[in-house]
Each structure stands twice: as C-alpha cells, then as structure tokens.
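The structure appears right after this line, and notes come after that.
The values are calculated or read from the model by the stated rules, or taken from the named source; none is laboratory data. Since the model is a prediction, treat every value here as computed from it, not as a measurement. Cβ: placed from backbone, ideal geometry, glycine included. Neighbour counts: every protein chain shown.
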Amino acid sequence: MMKEKTDKKESAKKAEKIDKLKELEVKLEEMETKCGELESKVSESEQKVAEATDKYVRMAAEFDNYRRRTAKEKLELVNTAGEDVIKGLLPILDDCERALNMLKGSNADASAIEGTELILNKLFGYLKTKGVEKIEAVGKELDTDYHEAVAQFPVEDPDKKNKIIDVVQQGYLLHEKVIRYSKVVVGI
C-alpha cells in the first residue's frame with residue numbers, strides 16, 4: 001500500500017512535470033511567435049529608417065544643387081545686370097572713336113584732339129571697370145564665336161588670306177560673354 005501511495009505520488013509528480021513541460025512548450029512557442037513578430041517589426045523599422053535616410057540624403061543633395069544653381073544665377077545676374085546700359089553706351093564709344101579719327105585726319109586744334117581722347121579714354125576706362133573688353137580681330141582668323149564677316153576683299157599677300165584685314169565695327173565682351181560681335185572684312 002505504501003508502495004502504491006509512493007507510486008501514485010511519483011505518477012502525480014511525473015504528470016505534474018509533464019503538464020509543466022507542456023505549459024513551458026506552449027509558452028516557448030508563444031515566445032518564439034512573439035520573437036518572430038518582434039524581428040519582423042525590427043526589420044520593418046530598419047527598412048523605414050533606411051528609406052528615411054535615403055530620402056534625407058536625396059533632399060540634402062537636391063537642396064545643395066538648388067543652392068549652387070541659385071548662387072550661379074545670382075552671380076550671372078550681377079555680372080550682366082548692366083548689360084543693356086553698356087550696350088547703349090557702345091554706339092557713343094563708336095562715335096567718340098570716329099570723332100577722334102576725324103579730328104586727327106583734319107587740321108584740328110591739338111586741344112580738341114586731346115579733349116576727345118580724354119573723353120574716349122574715360123568712357124572706355126569706365127566700361128573696363130564694369131568688365132568690358134574689346135575683341136581683338138585684325139590679323140586673326142575669322143572666328144564666328146566673336147566675329148561677323150560683312151565683306152570679303154581680295155589680297156595679294158598669302159599671309160593675309162582667310163584672315164581679318166579690317167574691322168568695320170568693333171566688337172566687345174562683357175565678362176567673357178559677347179555683347180556685340182566684331183563686324184570684319186576678311187581677305188580672300
């Protein structure tokens with residue numbers, strides 16, 4: 001009887017242990033399921049962080065490009081802001097050069113020549129401070145980026161063939177941008 005009681009106790013303990021093991025297995029399965037869900041959530045979170053980082057990097061690059069582009073546009077605007085005014089002064093500069101050439105070719109007073117030279121030099125000096133440069137043409141080959149051929153003239157010197165022999169109207173650059181092409185005569 002005693003043995004039966006001990007066997008029953010042992011059986012009850014074994015059954016209790018088996019029940020506990022089954023409960024632990026169920027809890028373990030639940031924990032594994034929760035762990036899988038957490039891993040999935042972590043993976044989703046990492047993916048969202050990667051997407052957010054990618055968006056941030058792209059937006060930062062776009063902003064940097066925008067900043068550079070607007071800075072370049074502002075610089076171009078500042079450099080060419082007075083282009084219309086300068087273009088309006090170029091015919092006056094041409095007239096001063098013509099007047100000086102006429103005075104030098106006639107019996108004009110030296111003071112008139114000197115005064116006209118002074119006006120011409122001051123005007124061109126001012127334009128130089130604003131970034132205006134003359135386009136050099138005589139003796140060079142025709143470059144359609146800077147010159148406009150208005151006439152061709154036969155020349156006997158082979159060195160002058162296909163080269164500019166005369167400038168009809170002086171061309172000018174403003175900050176290395178052509179604002180007026182040189183009108184030239186080319187030797188053929």
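Looking at the structure I just gave you, is Thr70 touching a Leu at 6+ places or on another chain (Cβ under 8 Å), modelled with pLDDT of 90 or more and either assigned to a helix (DSSP H, G or I) or over 18 Å from Tyr181 (Cα atoms) (or both)? So Thr70 does not fit the description; no.
When Lys177 is tested against (1) without any contact (Cβ under 8 Å) to a residue 60 or more places away in the chain; (2) farther than 16 Å from Asp94 by Cβ, just one condition goes unmet, and that condition is (1). Can you pull out every residue in the range 47-67 that is among the aromatic types (Phe, Trp, Tyr) and either outside any helix (DSSP H, G or I) or within 19 Å of the chain's Cα centre (by Cα) (or both)? Listed by number, the residues that qualify are Phe63, Tyr66. Here is the figure for the range 141-155: residues that are more than 26 Å from Lys177 (Cβ to Cβ) and either polar (S, T, N, Q) or not assigned by TED's automatic domain parsing to the domain that holds Val184 (or both) total 1. For the range 73-91, the set of residues classified as farther than 14 Å from Arg180 by Cβ, without any contact (Cβ under 8 Å) to a residue 60 or more places away in the chain and part of a helix (DSSP H, G or I) consists of Glu73, Lys74, Leu75, Glu76, Leu77, Val78, listed by residue number.
Residue count for the range 129-154 under the criterion of being under 21 Å from Asn79 (Cβ atoms) and surrounded by 12 or more Cβ atoms within 10 Å (Cβ to Cβ): the result is 7.
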